[in-house]
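Participant: The following block contains the structure, expressed as structure tokens.
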Amino acid sequence: MSSDRITPDRLRRWPKGKPLLSLTAYDYPLGRILDEAGVDLIHVGDSLGMVVLGMPDTTGVTMADMIRATEAVARGRKRAMISADLPAGSYDTAEACVKNSRALLAAGADAVKPEGGEESRPQWVALGKAGIPWIGHLGMLPQKVKEEGGYKRKGKSPEEVKKLIEEAREMEKAGACAIVLELVDPEAATRITGAVAVPTIGIGAGKGTTGQIRVTHDLLGWTPWFKPGFVKKDLGFAGKIAAMVKGFRRSGSAGPG
């Protein structure tokens, strides 16, 4: 293990003024590139369902998908911490949550991430009792997209903000090493961040969180048919690949021999 490896304990004690960079990876090359570039937290997200497997949302991702992706990413890292999503249906009970979390740790993850606040309390309490590092996830919950009828911003009312702050504090007490805030109103995200000592990691939640997480494929422009509103500019990789293919054909290299 690298002497400067970022561990769940180091993440839990992350200084609020220190930038925390988290990006997603689902395979060995990207995991290794991000690790060597200095990313702090590599997240193996169930977003692989959409950006790798072509699914309409994350709800069809399986434990087998997550284990294979986590194993691949883990082979390429030396310094970064790896977290992995518990996919939909894998933590319906506390017992299932602990069992499947251990499988992800065995695959190379340092921490797991279930979605949900109060409704998932039995699961994250069980993780703490089992000594399994975990990251909380509040705000918009992608695994609940069908029930909620879309991806909707959270924390817009005083009641919602109060509930989110209470849930974040309870997560901290139960042992969360960080809390993801997804599509949370920026003012609410800033208040939540100030209410807990553990770092908050925002995605579409403004600049008031401890750090940010992004789906790397969005930043690369790998999936031009889907562009989140909070990704203002990408590297246009899809267009570059198309240009490469056209150039390859024009050069005659695509012909026989």
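No value in this document is a laboratory result; all are computed from the given coordinates. Everything quoted here is computed from the prediction, not taken from an experiment. A quick note on method: Cβ atoms are made from the backbone with ideal geometry, for glycine too, and the neighbour counts reach across all protein chains shown.
Participant: Would you mind estimating how fast the chain diffuses translationally, via Stokes-Einstein at 25 °C and 0.890 mPa s with the Kirkwood radius over Cα pairs, in µm²/s?
Facilitator: 131 µm²/s
Participant: Quick one: helix 186-195 against the long Cα principal axis of the chain, what's the angle to the nearest 10°, folded into 0 to 90?
Facilitator: The helix 186-195 is inclined about 50 degrees to the chain.
Participant: What is the distance, in nm, between label points placed 7 Å from the Cα along the Cα-to-Cβ direction at E118 and at A64?
Facilitator: Result: 3.8 nm between the two label points.
Participant: Hey, any idea what Rg/Rh is for region 41-80, computing Rh the Kirkwood way over Cα pairs?
Facilitator: In region 41-80, Rg relative to Rh is 1.01.
Participant: Counting only Cα, what are the radius of gyration and maximum Cα-Cα distance Dmax of region 27-105, in Å?
Facilitator: So, for region 27-105, Rg and Dmax equal 12.7, 38 Å respectively.
Participant: May I pose another question? Choose one answer from L220, L23, L164: the residue with the largest mean-square fluctuation in a GNM of the chain with alpha-carbon springs under 10 Å.
Facilitator: L220
Participant: Moving to a separate point now. Between M55 and K246, what is the spin-label point distance in nm, taking each point 7 Å from the Cα along the Cα→C-beta axis?
Facilitator: Label at M55, label at K246, 3.4 nm between them.
Participant: On to the next question. Quick one: if you stick a label point 7 Å off each Cα along the C-beta vector at R102 and R5, how many nm between them?
Facilitator: It works out to 2.1 nm between the two label points.
Participant: Same structure again: Quickly estimate the mean residue ellipticity at 222 nm for the chain, helices only: each DSSP H run with n ≥ 4 gives -39500 (n - 2.57), and the total goes over all residues, rounded to 500.
Facilitator: Roughly -11500 deg cm²/dmol at 222 nm, from the helical runs in the chain.
Participant: Please compute the length gained on full extension between D92 and R153, using 0.36 nm multiplied by the number of residues separating them and subtracting their Cα-Cα distance.
Facilitator: 19.5 nm
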